[in-house]
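Have a look at the structure that comes next, please.
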Amino acid sequence: MSHPHPELTTPGPLPQGALRIIPLGGLGEVGRNMTVFEYDGRLLIVDCGVLFPEENHPGVDLILPDFDAIRGRLDAVEALVLTHGHEDHIGATPYLLREREDIPLVGSELTLALLSSKLREHRLKETAQHVVREGDRIAFGPFDLEFVAVNHSIPDALAVAIRTGAGLVLHTGDFKMDQLPMDGRITDLRAFARLGEEGVDLFMTDSTNAEVPGFTTAEKNIAPVLDRVFHQSNQRLIVACFASHVHRVQQVLDAAVSHGRKVAYVGRSMVRNMAIAKELGYLHVPAGVLVDAKELAELPPEQQVLISTGSQGEPLSALSRIAQRNHNFVHIEEGDTVVLASSLIPGNENAVYRVINGLSRWGATVVHKGNALVHVSGHASAGELLYCYNIVRPRNVLPVHGEIRHMRANAELARETGVPAEHVVIAEDGFVVDLVDGKAQVAGKVPCGYVFVDGSSVGDITESDLKDRRILGEEGFISVIVVVDSQTGKVVGGPEIHARGFAEDDSVFDEIKPDIIAALDRLLGERVDDNHQLQQAVRRVIGRWVSNTHRRRPMIIPVVIEA
């Protein structure tokens, strides 16, 4: 296997007739998917998604791919292809369109409808949209694109075959091989085989479930479990899932009808997405089952079903507010049943368990993936990936979409099916992979970091800022104000010491004040009048005392005022 080198340099010019692939997100993480293809001086982008912040990203709303590598070449972008409508594949598109608003958008009907709603929220004007479906073939500049149906946890997902003079690339997007899907739309293995016969020079495959043996469980297997949950519940039911999981919502609607219950959506994105899915015919809502949430609240509890956002424990989501008992009109009661019908995205475990504990505290029964089959993955497991490698027989493989461990497991599967180890490339965000004369190899690396969205600010927050926020949140904050007389070289005021998130009573600092005065007197006596040095002396004295006596490392802000 071709391993990434830690000291990769900036890549040289692209060889004549070669294809360059630059992943700007999604390789080394689950989310933020974005890949740039370059051929003959032109660019094609596949996906442009967000990553959701974890607990070590305080105050951050979203994490975007780093556009710096292409920022000066946006005029060379032929199109942005979106494989499906999940946030980790379309969520950063508005931020890219702010930089060049007329990039043509290519995707399936549902994908582009979900994106259009997002663009309106961002007050961006509609750009040229090309609605495609499986079997369609369309060219943008030197990129000849063919679309293939794939099955995923959202309808209308597509794989894309990219033909250039350098060869044929098959990018699966996110996919699995459910043989009995809710909408009857299976992953088109016949098309995969046909492309394999033509000769796939580079196979870019979803790695998320590569460590999981066998085949991913069929979505339909959830129905009897949901039915049992509905049967056993004699009070209100709340089902939390992703706001884009149309098939899961369909199963809840069907179960509600068969058990004589009414359903309401809770959460802005859930209401919006399901309205779009219904309007386009992807969601079939039986007559009379859907009511407004406030109308639902007037029914007896045994007739109520709420479908909510917040399955990942997001602090501002409907479910989190319900768990904290501060939702406008949904108040959890003893005997209610809450179903978390989704996966646990890595990094969200603490937030999810916090919500589960909050719901349990009020007497709710919480059904989740850990104790019942209420979720199946949207990604192909190892057995399905092996199947695909054997059908496609690619010349080169580049695992995508997943953490490093997932991509390495995927690479091993490719090797086991006969792909030569030197033709299996493990790359990370920012790595540059060139397809030259039928061989894929890492050619260098471009700078590629996290871009944080904090409120209306994009990219202004740095890792250093986040480190400061983490210290503030975990270790607290101490401010020290001292007034010195530069003429006499004496401390004439303070030190005044105040703390937040560290000590309830500022009098705990009384014992260290003489040491601060002594340290300053010593420096002033040595005729040191540099304000920075005086501040550092204050920081050292109080920092050492706090560390020794309280085993804490708070943020310390010393202010020395010269009178």
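Bear in mind that the values in this text are calculations on the coordinates, not laboratory data. Note that the structure is predicted; figures quoted are calculated from it, not measured. So basically every Cβ, Gly included, is an ideal-geometry build from the backbone, and we count neighbours across all protein chains shown.
Using a Förster distance of 56 Å, how high is the FRET efficiency between Asn221 and Asn531, based on the Cβ-Cβ distance and rounded to 0.05? List each step's numbers first, then the result.
Numbers: r = 69 Å, r/R0 = 1.22.
Efficiency, from the Cβ-Cβ distance: 0.25.
Still on this structure, please answer the following. If one computes the Cα centroid of region 322-399 and of region 224-287, what distance in Å separates the two points?
First find each Cα centre; the distance between them is then 16 Å.
Using alpha carbons only, how many degrees (0 to 90, rounded to 10) separate the axis of helix 268-279 from the longest principal axis of the chain?
10
Can you give me the angle between helix 513-525 and the longest principal axis of the chain, using Cα atoms only, in degrees from 0 to 90, rounded to the nearest 10?
Taking the Cα atoms of the chain, the angle to 513-525 is about 70 degrees.
Then there is this: As a test of understanding, state the convex hull volume per residue of the chain from its alpha carbons, in Å³.
Working: hull volume 106.3 nm³, N = 563.
In the chain, the Cα convex hull volume per residue is 189 Å³.
Now, a different point. Restricting to bridges with both residues inside the chain, how much of the DSSP beta-bridge set is antiparallel, in percent to the nearest 5?
Here the share of antiparallel DSSP bridges comes out near 55 percent.
Calculate how steeply helix 531-550 sits against the longest principal axis of the alpha-carbon atoms of the chain, using the helix alpha-carbon long axis, and give the answer as 0 to 90 degrees to the nearest 10.
Taking the Cα atoms of the chain, the angle to 531-550 is about 80 degrees.
Could you put Leu237, Leu195 in order, starting from the residue whose Cβ has the fewest other Cβ atoms within 10 Å?
Going from least to most buried by this count: Leu195, Leu237.
If you don't mind, another one. Setting aside same-chain residues fewer than 8 positions from Lys490, which lysines have a Cα under 17 Å from its Cα?
Lys513
Would you work out if region 72-145 is rounded, prolate or oblate? Take a ≥ b ≥ c from the square roots of the eigenvalues of the alpha-carbon gyration tensor; rounded if a/c is under 1.5, else prolate when a/b is larger than b/c, oblate otherwise.
The shape class here is oblate.
How do Glu314, Glu101 line up, fewest other C-beta atoms within 10 Å first? Intermediate values should be presented prior to the final figure.
Values: Glu314 18, Glu101 12.
The fewest-first ordering by Cβ neighbours comes to Glu101, Glu314.
Could you list, in their original order, any pairs among Lys176/Lys445; Lys118/Lys176; Lys118/Lys278; Lys262/Lys369 whose Cα atoms are separated by more than 19 Å?
In this structure, Lys176/Lys445; Lys118/Lys176; Lys262/Lys369 lie more than 19 Å apart at Cα.
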